[in-house]
1. Working carefully through the options ALA143, ALA129, ALA119, ALA134, find the one that is surrounded by 15 or more Cβ atoms within 10 Å (Cβ to Cβ) and without any contact (Cβ under 8 Å) to a residue 12 or more places away in the chain.
2. Select from region 56-74 the residues that are in contact with a strand residue (DSSP E or B) (Cβ under 8 Å, 6 or more places away or on another chain) and in a helix (DSSP H, G or I) and write down the one among them that is modelled with the highest pLDDT.
3. So how many residues does region 153-186 have that are open to solvent by 20 Å² or more (accessible area, probe 1.4 Å) and of a type in the set (Val, Ile, Thr)?
4. Test ARG304 against the criterion of being open to solvent by 50 Å² or more (accessible area, probe 1.4 Å), touching a Lys or Arg at 6+ places or on another chain (Cβ under 7 Å) and farther than 17 Å from VAL93 by Cβ, and give yes or no.
5. Which condition from (1) among the small types (Gly, Ala, Ser); (2) out of contact with any Leu (no Cβ under 8 Å at 6 or more places or on another chain); (3) in a helix (DSSP H, G or I) is the one that GLY227 breaks?
6. Pull out all pairs, ordered by first then second residue, where Cβ-Cβ is under 6 Å, the residues are six or more apart or on different chains, the first lies in region 281-293 and is free of Cβ contacts under 8 Å to residues at least 40 places away in the same chain, and the second is assigned to a helix (DSSP H, G or I) and crowded, with 19+ Cβ neighbours inside 10 Å.
7. Could you tell me how many of the residues in region 88-112 are within 10 Å of the chain's Cα centre (by Cα) and surrounded by fewer than 24 Cβ atoms within 10 Å (Cβ to Cβ)?
8. If we scan region 204-221, do we find a residue that is open to solvent by less than 50 Å² (accessible area, probe 1.4 Å), assigned to a helix (DSSP H, G or I), of a type in the set (A, V, I, L, M, F, W, C) and within 25 Å of GLY300 (Cβ to Cβ)?
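The values are calculated or read from the model by the stated rules, or taken from the named source; none is laboratory data. Not measured: the values here are computed from a predicted model. Quick reminder, even Gly has a Cβ in these numbers, built from the backbone with ideal geometry, and neighbours come from all protein chains shown. Surface accessibility is based on the protein's heavy atoms, side chains included, excluding ligands, DNA and RNA. Shrake-Rupley method; radii C 1.70, N 1.55, O 1.52, S 1.80 Å.
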Amino acid sequence: MTTTAAGTAPAAAVPPGSSPWQLARRELRRRPAVRISLTVVVLFVLMAATAPWLGALGGWSPEEFDKSAVDSYLGGLPIGSFGGISSEHWLGVEPVTGRDLFARVIHGAQVSLLIAFAATAIVVLVGTAAGIAAGYFGGRTDAVLSRLMDLTMSFPSLIFMIAMLSVAKDVNRILLITAVIGLFGWPGVARVVRGQTLSLKHREYVDAARVGGAGAWRILTRDILPGVSGPVIAYTTLLIPGMISTEAALSYLGVGVRPPTPSWGQMIAESVAFYETDPMYFVIPSTFLFLAVLAFTLLGDALRDILDPRGGRT
């Protein structure tokens, strides 16, 4: 029987051959804080996926003005307490325009999470492919890809993003932001995967597959890729909050999503002028942004501890 330190719960037995997802599910069920974070993440994803229907349920579209909800004699401030919260406007209204904050926040979640998930998918796919190729083939392939990683990571990405998004006008902003964020995010994943691949490519089962006549593609997809999936899953979850924050920051600076398309960062930027007279206009989108980033971060930290425990040690 395995003994444990006093005051600590005994660790649950881990069945041999458990997959990363089985390990994650087993450990996540044991952590109340992580279960809460996972619940918040699922709620945000559902809110973003059903934004058009939720907006229709509230009775307002994100671009629809309601001049009767603001007082033109007070500079367009919302009528009523807490930014105009009422049975008609569940989270209040935007000053001056009277646009419904509930509709704008849920559609902003759709934009923010769409960009975050799409950019993360690009980063993970490119980074995993580059990392496996560099670690497995080595030699000139490793040298070229490693120098490309170093060059991309040393580039002033934020300045380039701001400059590129500032000059690009008649383009799909969501597609452009996704591509630009993904362009600079892949080297981190590639370095992690490269290190894991270097430790796996000389394992006995890989050597046995190579001796048995298996080609490089079969070895990479059936032997190497499952071995690096744990750290990749953990790294992916930790990437998402950073992507959400980056999109919000770009929109806050005025180079991200353009009006009238709603975005949390854009709403926070517009609310700065009203933080004294209508603080709820600032509090509501800021709270949604904070909860989304916090929930994804806590979930990512937990997955990293479970799937890649050595990666979290200093």
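1. Working: ALA143 fails: surrounded by 15 or more Cβ atoms within 10 Å (Cβ to Cβ); ALA119 fails: without any contact (Cβ under 8 Å) to a residue 12 or more places away in the chain; ALA134 fails: without any contact (Cβ under 8 Å) to a residue 12 or more places away in the chain.
The conditions single out ALA129.
2. ALA69
3. Going through region 153-186 one residue at a time, the tally reaches 5.
4. It is false that ARG304 is open to solvent by 50 Å² or more (accessible area, probe 1.4 Å), touching a Lys or Arg at 6+ places or on another chain (Cβ under 7 Å) and farther than 17 Å from VAL93 by Cβ.
5. (2)
6. PHE282/SER271; SER286/ILE268
7. Residues of region 88-112 that are within 10 Å of the chain's Cα centre (by Cα), as a first pass: 112.
Retained after the next criterion (residues that are surrounded by fewer than 24 Cβ atoms within 10 Å (Cβ to Cβ)): none.
Summing the residues that are within 10 Å of the chain's Cα centre (by Cα) and surrounded by fewer than 24 Cβ atoms within 10 Å (Cβ to Cβ) in region 88-112 gives 0.
8. no
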